Amino acid sequence: MSDLTILTVLRSYAQMNPERLPVSILFNHTETCLTVFDAFPKAIFHFLVLPRIKPPLGVDDLTDLRTLLKCNKKKAGAVLKELSDEADNVKKMIQEEMLSRYGFQWEIWTGFHPVPSMQHLHLHIISSDLCSGKLKNKKHYNSFHPKLGFFLHLSDVLSWFEADPSFFEMRAQLKPRDYQPLLKEELACFKCGRAMKNMPTLKTHLQVEWDDEARKEKARIARKRKREESQSCQSSSSQADANKGEGRSAKRSPEISDDRATNI
DNA sequence: GTTCTAGAAC
DNA sequence: GTTCTAGAAC
C-alpha cells in the first residue's frame, strides 16, 4: 500500500459494503458505523469507530472532528451519538474479553485526536494500559495521554454541545496550532505523573504500572469471591435459623457491596 | 499512519 | 561505541 493510500484507507472502508471487509480488519458494524481493528494498536485493545457515509452528511463533512463540528450542529451531534452508541457496544465486548483473557478489567478510553493523521473521522477506543510494541515515540504516547489535552474524550466533546453556544464555537475550532505543541511535551506517566527521561524508560514503567494494577485487581476479585463463598456457605448452613428469624445475610446483595471503599 | 537513518545525547 | 530522537520520504 502506498503512503497516499494509507492516509485515506479509513475513508475507503467507510464507503465500502461492510460485508466485503475482511474479518481481520472489521470488528463490528451497524447501520451507521463500522468498528475496525487499529492496524497499529497502541495498547492491548485498540479499535476505531467510523461513521458510514449516509445522508444528510457527505464524505467531506466527515473528514475529521473539525469538519464535522463545522457543519450543522444538530446533525453533527447525531453522528457523535451514533459513534457513542457503537462505542458502548464495543466497550462491553472488550470488558468481557479483558475478564476472560486477563482475569480483570481496566479502564477503556474513548476519544478523538484533534489533529488526526488519517482522513475520515475515527473514534479511538483504547484500553488504559498503553502497553504495546507499536507505541514507539513521544507523539504516539502524548496523543493518548488522557490528561494532556490532545486526546479529546468523547464525554468532553459531547458536553460541548450542552454548554453555552459561544463555548461550543470556541472548542469546535480545533486549530492544529493549538494542539500540535502538546505532542512535544515532556514524557510523564499518565498514572503517577512522574517524568520519564526517554521512551524505553517510559515503556518499561508503563508495563510495571499495568502489571501492578493487574495484581491488585486480581487480588481484590479473589477476596470478593472468597467472601461471597463464605457468605453463601454460612447462609446455607444457617438455613434453619434464617427460617426462624430475620435472616440478615440475605439483605445485603453481593452486587451492592463494594470493597474498593474499604480496601483501597 | 510508518520506516529509515543522520546525528544528537549519553 | 551505543542508544535514542526526530525529520524526510519524490
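The values are calculated or read from the model by the stated rules, or taken from the named source; none is laboratory data. Note that the structure is a prediction, hence the values are computed from the model and not measured. Backbone-built Cβ (ideal geometry, glycine too); neighbour counts: all protein chains shown. Areas reflect the complete protein model, heavy atoms only, side chains present, ligands, DNA and RNA absent. Shrake-Rupley method; radii C 1.70, N 1.55, O 1.52, S 1.80 Å.
The helices (runs of 4 or more DSSP H) found entirely in the stretch A:78-195 that carry 3 or more residues being more than 25 Å from A:Leu57 (Cα to Cα) and open to solvent by less than 30 Å² (accessible area, probe 1.4 Å) are A:138-144.
Please go through the stretch A:196-227 and pick out each residue that is open to solvent by less than 70 Å² (accessible area, probe 1.4 Å) and within 16 Å of DNA strand C (Cβ to nearest atom). Of everything in the stretch A:196-227, those that are open to solvent by less than 70 Å² (accessible area, probe 1.4 Å) and within 16 Å of DNA strand C (Cβ to nearest atom) turn out to be A:Met196, A:Asn198, A:Met199, A:Thr201, A:Leu202, A:Lys203, A:His205, A:Leu206. Beta carbons closer than 6 Å, at least 6 apart along the sequence or on distinct chains, pair a first residue in the stretch A:132-143 that is at pLDDT 95 or above with a second that is more than 7 Å from DNA strand B (Cβ to nearest atom) and in a helix (DSSP H, G or I) for A:Lys139/A:Leu183; A:Asn142/A:Leu183.
How many residues are in contact (Cβ under 8 Å) with a residue 24 or more places away in the chain and closer than 26 Å to A:Asp211 by Cα when one looks only at the stretch A:104-131?
We begin by selecting, within the stretch A:104-131, every residue in contact (Cβ under 8 Å) with a residue 24 or more places away in the chain; these are A:104-106, A:108-131.
Applying the additional criterion that residues be closer than 26 Å to A:Asp211 by Cα yields A:104-106, A:108-111, A:124-131.
The qualifying residues number 15.
Yes or no: A:Arg66 assigned to a helix (DSSP H, G or I) and either surrounded by fewer than 17 Cβ atoms within 10 Å (Cβ to Cβ) or out of contact with any His (no Cβ under 8 Å at 6 or more places or on another chain) (or both)? In short, yes.
Identify, from the list A:Pro146, A:Pro200, the residue that is assigned by TED's automatic domain parsing to the domain that holds A:Leu68, at pLDDT 95 or above and on the phi < 0 side of the Ramachandran plot.
Working: A:Pro200 fails: assigned by TED's automatic domain parsing to the domain that holds A:Leu68.
Going through A:Pro146, A:Pro200 in turn, the sole match is A:Pro146.
Within the stretch A:1-22, can one find any residue that is under 25 Å from A:Gly133 (Cα atoms), open to solvent by less than 70 Å² (accessible area, probe 1.4 Å) and more than 16 Å from DNA strand B (Cβ to nearest atom)? Scanning the stretch A:1-22, I find at least one residue that is under 25 Å from A:Gly133 (Cα atoms), open to solvent by less than 70 Å² (accessible area, probe 1.4 Å) and more than 16 Å from DNA strand B (Cβ to nearest atom), so the answer is yes.
Looking at A:Arg52, is it over 17 Å from A:Leu158 (Cβ atoms) and over 14 Å from the mean Cα position of the chain (by Cα)? Please lay out each step first, then the result.
Values: over 17 Å from A:Leu158 (Cβ atoms): yes; over 14 Å from the mean Cα position of the chain (by Cα): yes.
Considered against the rule, which asks whether it is over 17 Å from A:Leu158 (Cβ atoms) and over 14 Å from the mean Cα position of the chain (by Cα), A:Arg52 comes out as yes.
Taking the stretch A:3-38 only, how many residues are in contact (Cβ under 8 Å) with a residue 24 or more places away in the chain and within 16 Å of DNA strand C (Cβ to nearest atom)? Looking only at that region, the number is 4. If you go through the stretch A:38-59 and keep only what is assigned to a strand (DSSP E or B) and in contact with a Leu (Cβ under 6 Å, 6 or more places away or on another chain), you end up with A:Val49, A:Leu50, A:Pro51. For the stretch A:13-39, the set of residues classified as over 16 Å from A:Leu123 (Cα atoms) and either among the polar types (S, T, N, Q) or not assigned by TED's automatic domain parsing to the domain that holds A:Ile126 (or both) consists of A:Gln15, A:Asn17, A:Ser24, listed by residue number.
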